[in-house]
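Contents: one structure, followed by commentary.
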Amino acid sequence: MSGFQINLNPLKEPLGFIKVLEWIASIFAFATCGGFKGQTEIQVSCPPTITENKTITATFGYPFRLNEASFQPPPGVNICDVNWKSYVLIGDYSSSAQFYVTFAVFVFLYCIAALLLYVGYTSLYLDSRKLPMIDFVVTLVATFLWLVSTSAWAKALTDIKIATGHNIVQELSPCKKKEILCYFGSVTSMGSLNVSVIFGFLNMILWGGNAWFVYKETSLHSPSNTSAPHSQGGIPPPTGI
């Protein structure tokens, strides 16, 4: 086995360059989703006793277990004699979110390992029959899992927007009472979550496109060294005269 020797030339080739892009895209994928924090607000009043609107908020974020995000009134304020802390948002979307983020982290780590192999053990990778084949299989699996995880997360994000939007007022039982008036206030912008979905599909495209360049390094595309003389149609030269 050859020793570690830095060779940056593979990074100039499509195989290495796209791997760098995959590494960067995976960072954006899990960072834009896993780092999200937001809240939704509702304005509540109890006419004619209280005519001024009071704000209750529910804070949520990754991994988006909305059924654990309770509404919080202002400290020390009694709003309509309701224990708002006992009411929560609806839905648990942690499975889709965690699957997406966890997979993105694994891809990030795999890209680092692959780049170290490309740069530090170039000859080992090119001379081996197993390593390119393993890389090819992982690339195909990763492409499929990017499609699955991103699609699941995109569907979950749509449901999260609904669960934290105007529909909250209709779901809260205190807001169904005639003596309590509830108005939807606002919800934190989910632009970064939209970006995470975009990067998920971008990763799928990158990995799918890179499959061809990885395939070219496998024995499925390139003939093995042992069959090279026969493929040239020649007879091995004599060893002497």
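Among Leu116, Phe144, Gln98, whose Cα lies farthest out toward the positive end of the dipole of region 94-194, if unit charges sit on the beta carbon of Lys, Arg (+1) and Asp, Glu (-1)?
With unit charges placed on the Cβ atoms, the residue in question is Gln98.
Can you tell me how much longer the chain between Ser192 and Ala113 gets when fully stretched, taken as 0.36 nm per residue apart minus their C-alpha distance, in nm with one decimal? Before the final figure, lay out each step's value.
Working: separation 79, 0.36 × 79 = 28.44 nm, distance 2.79 nm.
Contour length minus the Cα-Cα distance gives 25.7 nm.
Peptides 194-203, 135-144: what's the order by average Cβ count within 10 Å, highest mean first? Don't skip to the answer; put the middle values down first.
Numbers: 194-203: 20.4, 135-144: 17.5.
Per-residue mean Cβ counts within 10 Å order the peptides as 194-203, 135-144.
In the calculated pair distance distribution of region 1-111, what percentage of Cα-Cα distances lie above 25 Å?
Numbers: 3094 of 6105 pairs.
Roughly 51 percent, once rounded to a whole number.
Just the number please: accessible area per residue for the chain, 1.4 Å probe, all protein chains included, in Å². The partial results should precede the final answer.
Values: 13450 Å² over 241 residues.
Accessible area per residue, the chain: 56 Å².
Angle check, please: helix 191-215 long axis (alpha carbons) against the longest principal axis of the chain (alpha carbons), in degrees 0 to 90, nearest 10.
That helix lies at roughly 10 degrees to the long axis.
Determine, from the Cβ-Cβ distance of Lys12 and Asp81 and an R0 of 51 Å, the FRET efficiency 1/(1 + (r/R0)^6), rounded to the nearest 0.05. Don't skip to the end; give the middle numbers.
On the way: r = 70 Å, r/R0 = 1.37.
Plugging the Cβ-Cβ distance into 1/(1 + (r/R0)^6) gives 0.15.
What does the extension gain come out to for Gln170 and Arg129, with contour length at 0.36 nm per residue minus their alpha carbon separation? Don't jump to the answer; show the numbers that get you there.
On the way: separation 41, 0.36 × 41 = 14.76 nm, distance 6.13 nm.
The Gln170-Arg129 span can extend by a further 8.6 nm.
Going 7 Å from the Cα of Glu52 toward and past its Cβ, which residues in region 69-91 have a backbone nitrogen under 13 Å from where you end up?
74, 77-79
Work out the length of the dipole vector of the chain about its Cα centre, built from +1 on the beta-carbon of each Lys and Arg and -1 on the beta-carbon of each Asp and Glu, and round it to the nearest 20 debye.
Details: 14 positive and 13 negative charges, 16 e Å.
My answer is approximately 80 debye.
When the chain is fully extended, how far beyond the present Cα-Cα distance does Ser95 get from Ala211, taking 0.36 nm per residue of separation?
38.9 nm
Give the carbon-plus-sulfur fraction of the accessible surface of the chain in %, rounded to a whole number; probe 1.4 Å, heavy atoms of protein chains only. Don't skip to the answer; put the middle values down first.
Values: 8560 of 13450 Å².
Carbon-and-sulfur percentage of accessible area, whole number: 64.
Beyond 29 Å, what share of the Cα-Cα pairs of the chain is found? Please give it as a whole percent.
Details: 14685 of 28920 pairs.
Percent of Cα pairs beyond 29 Å in the chain: 51.
The values are calculated or read from the model by the stated rules, or taken from the named source; none is laboratory data. No experiment lies behind these values; they were computed from the predicted model shown. Positions of Cβ are backbone-derived with ideal geometry, glycine not excepted, and every protein chain shown enters the neighbour counts. These area figures cover heavy atoms from the full protein model, side chains too; ligands, DNA and RNA do not enter into them. Shrake-Rupley method; radii C 1.70, N 1.55, O 1.52, S 1.80 Å.
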